[in-house]
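Visitor: Next up is a structure, given as structure tokens.
Quick note: the coordinates plus some simple rules give every number you see, no bench work behind them. Bear in mind that the values here come from a model prediction, so they are computed numbers and not experimental data. Neighbour counts are summed over all protein chains in view; Cβ atoms, including those assigned to glycine, are modelled from backbone coordinates with ideal geometry.
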Amino acid sequence: MGELSDRLVAELVDSVRAQLRRDQGERLRDVYLIGDIEKDNARIAIERLRELSSESNRPITLYINSAGGNVTDGLAIHDVIRHLGARGIEVTVVVQGMAYSMGSIVLQAASAGRRFAFPHSWIMIHEPAKWAGWQSTTAAAQHLERLKQMQDQIYRILSARSGKPLRQIIKDTKRTDFYLDAQKALEYGLIDQVLAGELPLPRQDETRPSDAEAAAPPDAPSPARQPEAAQERSELRSEN
């Protein structure tokens, strides 16, 4: 009897373990980067990415809605995503809302063909000097060499993933914020696909009556029925 009980307990334990493994395998492998990109937000995103990558090599999806933030924190997230990709883990990045400034650089870290955006999302790129947070000339001068290195890194990331030459990237972002909606970002090469969900345009032929119909009084027949109505009146007169 004791041996039977031990076997039943062992089978029960194995069954529970198998169910836990299935639940763990089926759980969502999503990461959310919402708000400014700074050390705390970056740490949370990186820890979550590394936690999921340690569980299995199944794909991971990062959803981003950010106006940008610190350059080094953004590049840290970018590099972790690229590192996971090099290990064979597919990482999708989806823009839901906006990916501005350093957010657009995190977007470029996605695996090949996995940069997505919802239809009403926006992407913005601009001169890397602004991303460094050095608004004064004095501060920029103190870190000039580092600034140049960061500019070169960011320009090369944008050029490599968009397919645009460096000269054009620099021209489009020089002293300006370069905004693109989802469709324009697709055409520019900053994303690979606009996800479904766009509202269809209203059909004018169904929503607006013709000018002749709109001008006719309420009780008058429509232009299409006027010959038919005239024939009916003629038949009534002949019967009388």
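Visitor: Give me log10 I(q)/I(0) at q = 0.12, 0.17, 0.21 Å⁻¹ for segment 31-178, Debye formula, one equal scatterer per alpha-carbon, no solvent.
Guide: Result of the Debye calculation: -0.47, -0.94, -1.36.
Visitor: If I model a spin label at Val16 and Thr72 as a point 7 Å from the Cα along the Cα→Cβ vector, what separation in nanometres do I get?
Guide: Simple spin-label model gives 4.7 nm for this pair.
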